[in-house]
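Novice: Got a structure here, written out as structure tokens. Questions coming.
The values are calculated or read from the model by the stated rules, or taken from the named source; none is laboratory data. In this text, all values refer to a predicted model and were calculated from it rather than measured experimentally. Ideal geometry is used to build each Cβ from the backbone, glycine not excepted, and the neighbour counts take in all protein chains shown. Surface accessibility is based on the protein's heavy atoms, side chains included, excluding ligands, DNA and RNA. Shrake-Rupley method; radii C 1.70, N 1.55, O 1.52, S 1.80 Å.
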Amino acid sequence: PTCTEKGVESRSCECGETETREIEALGHNFDNGKCTRCDATLTSKFEDVKAGDFYFDPVEWAVEKGVTTGASETTFNPNGNCLRAQVVTFLWRAAGEPEPTSTVNPFEDVKESDWYYKAVLWAVENEITNGLDATHFGPYTECNRAQVVTFLYRAMGEPKVTETEHPFTDVNEKEFYYDAMLWAVEEGITNGLTLTTFGPN
């Protein structure tokens with residue numbers, strides 16, 4: 001059998017009789033938009049997301065789950081930098097867009113009319129972030145890798161880390177993101193930029 005065509009299995013007995021049976025088609029086995037058994041590929045709605053890209057499946061999942069709609073109708077912008085407002089909004093949507101229980105907003109740079117307003121209140125309420133300082137969230141400040149893994153780690157409830165060894169020469173245990181980094185590596189969320197660097201900034 002192939003991905004799309006049925007196969008036939010034939011068995012012969014010493015007595016001379018032969019029996020055959022039909023085998024169902026295997027079906028495609030897609031991994032990041034490419035079938036691992038044949039040349040079939042999937043097509044993304046985004047022109048800048050191609051079958052074979054390491055982020056093909058995550059992008060399709062994020063769109064399907066309503067976590068993001070992309071940078072535009074036809075582009076995802078996979079190499080773009082992520083803003084703090086975007087990261088907390090992604091997490092908020094992934095959590096099902098829960099209503100914040102508090103409407104207290106300590107941030108001068110976050111208004112009720114902003115698209116990320118509820119996401120910010122929810123993130124602060126759940127101790128995912130405290131903002132840049134007591135009165136500024138910094139919604140349009142770019143998020144670095146250290147901050148993103150820390151947001152993810154806190155959103156997951158800061159699970160206990162069992163593995164304390166790591167290969168990264170640019171991370172030490174005094175950093176605010178240390179446990180988050182260990183957790184992200186342990187869970188296979190990231191392997192770092194290289195075998196020996198995490199690239200926190």
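Novice: Could you list, in sequence order, all residues of region 1-24 that are assigned to a loop (DSSP other than H, G, I, E, B) and not small (Gly, Ala, Ser)?
Specialist: Pro1, Thr2, Cys3, Thr4, Glu5, Lys6, Cys13, Glu14, Cys15, Glu17, Glu24
Novice: So, one more: Out of Asn144, Asn81, Asn130, Asn126, which single residue is touching a strand residue (DSSP E or B) at 6+ places or on another chain (Cβ under 6 Å), closer than 26 Å to Asn201 by Cβ and polar (S, T, N, Q)?
Specialist: The match here is Asn81.
Novice: Here is a further query. Checking Gly80 against (1) open to solvent by 90 Å² or more (accessible area, probe 1.4 Å); (2) closer than 28 Å to Val124 by Cβ: exactly one of these is not met. Which one?
Specialist: Of everything listed in (1) open to solvent by 90 Å² or more (accessible area, probe 1.4 Å); (2) closer than 28 Å to Val124 by Cβ, Gly80 misses just condition (1).
Novice: Looking only at residues in region 25-50 that are in contact with a Lys or Arg (Cβ under 6 Å, 6 or more places away or on another chain) and either open to solvent by 50 Å² or more (accessible area, probe 1.4 Å) or outside any loop (DSSP other than H, G, I, E, B) (or both), which one is farthest from Glu9 (Cα to Cα)?
Specialist: The residue in question is Thr41.
Novice: Quick one: Trp122 ticks every box in (1) open to solvent by less than 50 Å² (accessible area, probe 1.4 Å); (2) free of Cβ contacts under 8 Å to residues at least 24 places away in the same chain except a single one, so which number is it?
Specialist: Here Trp122 meets the rest and fails (2).
Novice: Let me confirm something: among Ser102, Ser113, Ser72, which residue is touching a helix residue (DSSP H, G or I) at 6+ places or on another chain (Cβ under 6 Å), surrounded by fewer than 17 Cβ atoms within 10 Å (Cβ to Cβ), not acidic (Asp, Glu) and not in a helix (DSSP H, G or I)?
Specialist: After ruling out the rest, the residue left standing is Ser102.
Novice: Could you tell me whether region 138-149 includes any residue that is among the aromatic types (Phe, Trp, Tyr) and within 12 Å of Phe198 (Cα to Cα)?
Specialist: Checked against the condition, which is being among the aromatic types (Phe, Trp, Tyr) and within 12 Å of Phe198 (Cα to Cα), region 138-149 yields no hits at all.
Novice: Output the residue which, of all residues in region 167-194 that are touching a Ser or Thr at 6+ places or on another chain (Cβ under 7 Å), open to solvent by less than 80 Å² (accessible area, probe 1.4 Å) and assigned to a loop (DSSP other than H, G, I, E, B), is nearest to Cys143 (Cα to Cα).
Specialist: Tyr177
Novice: Can you tell me which condition Thr197 does not meet? The list is (1) surrounded by fewer than 17 Cβ atoms within 10 Å (Cβ to Cβ); (2) farther than 20 Å from Gly80 by Cβ; (3) at pLDDT below 95, and all the others hold.
Specialist: Failed condition: (3).
Novice: Considering only region 127-166, state which residues are without any contact (Cβ under 8 Å) to a residue 40 or more places away in the chain, assigned to a loop (DSSP other than H, G, I, E, B) and open to solvent by less than 70 Å² (accessible area, probe 1.4 Å).
Specialist: Gly131, Thr135, Gly157, Pro159, Val161, His166
Novice: Give region 148-181 a look and list any residue that's at positive phi and of a type in the set (Asp, Glu), or say none.
Specialist: Glu158
Novice: Then there's this: Identify, by number, the condition in (1) surrounded by fewer than 16 Cβ atoms within 10 Å (Cβ to Cβ); (2) within 15 Å of the chain's Cα centre (by Cα); (3) not acidic (Asp, Glu) that Gln86 doesn't meet.
Specialist: (1)
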